[in-house]
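Undergrad: Could you have a look at this structure, given as structure tokens, before my questions?
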Amino acid sequence: MEKFKRKVFYLGGFDPRGVRFYHQLYREQAARYAALTSEAIDMSGRQAGPAGAVVSARWTVGNATAGVETDYEYLRWEDLIGKVWIRNPLSLAVRSAGAYAGHARHMDFLRMRRLRKGPVITILYPPLLAILIPLLLALVPALILSLLIPWWAAALVGVGVSASLSGRILAKLVVPWLLRFMTYHGALAANGPGAALDARIDAFARRIAAELDDDWDEVQFVTHSAGTILGMRVLRRLIALRGGALPERFVMLGLGQVVPVIGLRRDARWYHDDLRALTDQPFRYVDISSPPDGAAYYNVNPFRLVADQHAARVDMLSPRFHLFYEPQNYHGGWSDKYEAHFDYLRVGDRLSPIDFISLTAGRRTVDDAVATFRTIP
């Protein structure tokens, strides 16, 4: 069997955990894929990418059964995320209040609601719960105890109960992560990427450009979550480096796409320019976003945020996770929003043509996988 050689570039979301976590996640999911298919999957350890460890990490994935070799390159920006990751709860409260004031002034929430209602709820519930849950946890026991003990003592007990429980409850509801996400992207929309992130984006574009003329059968640029936002800027730089031409074997994937978080900010003119610059460029883009994922914009074509027409060949797909998971294992999106947003990187209880390992370690090209997926009733 003639070997199929694939190059994958992965750009992840707003997550400080970085390459170690994602390397281990890929290893675990590759093992699940191998168990379902009986294909022999071999995965290497991590090493620094060609442009240095700051820019990327690499590993190889071999599928001897299917005759596939994948060179996987994880594009790194977790160090930049770590520098803006707000750890102090009081600082998070103050800064997120300012960020939401900015979103209220500049976000086109009416258009967002017309596109998808779920993300509007996901954006708005964190500040509400961040206020209501601590308040209720303090107020309810204080009112009850005030019938038995002096009011000041009851109030102190209420504050103590709130302080001990509210953090865990809010974390379970993913409130702190969403507040950090919205605070960061509020600043990103208003001020642009800044010198450090822009330099990293340039480095990502150069790395992809350097591989496009090698003898790969397929080159994938996979973006996930907030990586789908930055991915558009990387793609613009990549096309500029290539003089406007990308090879047929190149494909960009958006998993759990969140482009409207910036694209619908009226003040994010730098980003609107990025999207407009892509509308007349021919390339392949496949969006895989799940309707129950409240953080993702299912069936929202990012290029239509700024133009009625575009030259890219676009497929918008729901991964239909419910067909590939047993009910008890399915992250429906409401009970565990955070985990639902990572199901794009997992293999279910049954194999899907467009699950992450199938796309990056299987024999099918992305186009073949999409065509096969569309035949599933």
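Undergrad: In the stretch 10-27, what residues are part of a helix (DSSP H, G or I) and of a type outside the set (Val, Ile, Thr)?
TA: Filtering the stretch 10-27 for residues part of a helix (DSSP H, G or I) gives 18-27.
Answer for the stretch 10-27, where residues must be part of a helix (DSSP H, G or I) and of a type outside the set (Val, Ile, Thr): 18, 20, 21, 22, 23, 24, 25, 26, 27.
Undergrad: Would you check if there is a residue in the stretch 14-22 being closer than 30 Å to residue 188 by Cα, over 16 Å from the mean Cα position of the chain (by Cα) and surrounded by fewer than 22 Cβ atoms within 10 Å (Cβ to Cβ)? So that I can check it myself, show each step before the final result.
TA: We begin by selecting, within the stretch 14-22, every residue closer than 30 Å to residue 188 by Cα; these are 14-22.
So of that shortlist, the ones also over 16 Å from the mean Cα position of the chain (by Cα) come out as 20.
Imposing the further condition that a residue be surrounded by fewer than 22 Cβ atoms within 10 Å (Cβ to Cβ) reduces the set to 20.
Yes, the stretch 14-22 has at least one match.
Undergrad: With respect to residue 368, determine if the residue is open to solvent by 20 Å² or more (accessible area, probe 1.4 Å) and within 23 Å of residue 250 (Cβ to Cβ). Steps first, answer last, please.
TA: Details: open to solvent by 20 Å² or more (accessible area, probe 1.4 Å): yes; within 23 Å of residue 250 (Cβ to Cβ): yes.
It is true that residue 368 is open to solvent by 20 Å² or more (accessible area, probe 1.4 Å) and within 23 Å of residue 250 (Cβ to Cβ).
Undergrad: For residues that are in a helix (DSSP H, G or I) and more than 30 Å from residue 365 (Cβ to Cβ), tally how many sit in the stretch 165-217.
TA: We begin by selecting, within the stretch 165-217, every residue in a helix (DSSP H, G or I); these are 165-172, 175-191, 194-211.
Still in the list and also more than 30 Å from residue 365 (Cβ to Cβ): 165-172, 175-191, 194-199.
Qualifying residue count, the stretch 165-217: 31.
Undergrad: May I ask you to list the residues in the stretch 296-309 that are open to solvent by 30 Å² or more (accessible area, probe 1.4 Å), touching a residue at least 12 places away in the same chain (Cβ under 8 Å) and out of contact with any strand residue (DSSP E or B) (no Cβ under 9 Å at 6 or more places or on another chain)? Before the answer, list the steps.
TA: Here is the first cut: in the stretch 296-309, the ones open to solvent by 30 Å² or more (accessible area, probe 1.4 Å) are 298-299, 304, 306, 308-309.
With touching a residue at least 12 places away in the same chain (Cβ under 8 Å) added as a condition, the list becomes 298-299, 306, 309.
Hits for the stretch 296-309 are 306, 309.
Undergrad: If residue 70 satisfies every condition in (1) out of contact with any Leu (no Cβ under 6 Å at 6 or more places or on another chain); (2) buried (at least 20 other Cβ atoms within 10 Å of the Cβ); (3) more than 25 Å from residue 366 (Cα to Cα); (4) polar (S, T, N, Q) but one, which is the exception?
TA: (3)
Undergrad: So for the stretch 193-201 (the condition being open to solvent by 10 Å² or more (accessible area, probe 1.4 Å) and on the phi > 0 side of the Ramachandran plot), does at least one residue qualify?
TA: yes
Undergrad: Go through 124, 115, 128 for me and flag whichever is of a type outside the set (Asp, Glu), farther than 30 Å from residue 54 by Cα and surrounded by fewer than 14 Cβ atoms within 10 Å (Cβ to Cβ).
TA: Details: 124 fails: surrounded by fewer than 14 Cβ atoms within 10 Å (Cβ to Cβ); 115 fails: surrounded by fewer than 14 Cβ atoms within 10 Å (Cβ to Cβ).
Testing whether each residue is of a type outside the set (Asp, Glu), farther than 30 Å from residue 54 by Cα and surrounded by fewer than 14 Cβ atoms within 10 Å (Cβ to Cβ) leaves just 128.
The values are calculated or read from the model by the stated rules, or taken from the named source; none is laboratory data. Here the structure is a predicted model, which is why all the values come from computation and not from measurement. Here Cβ is always computed from backbone atoms with ideal geometry, including for glycine, and neighbour counts include all displayed protein chains. Only protein heavy atoms, including side chains, enter the accessible area calculation; ligands, DNA and RNA are left aside. Shrake-Rupley method; radii C 1.70, N 1.55, O 1.52, S 1.80 Å.
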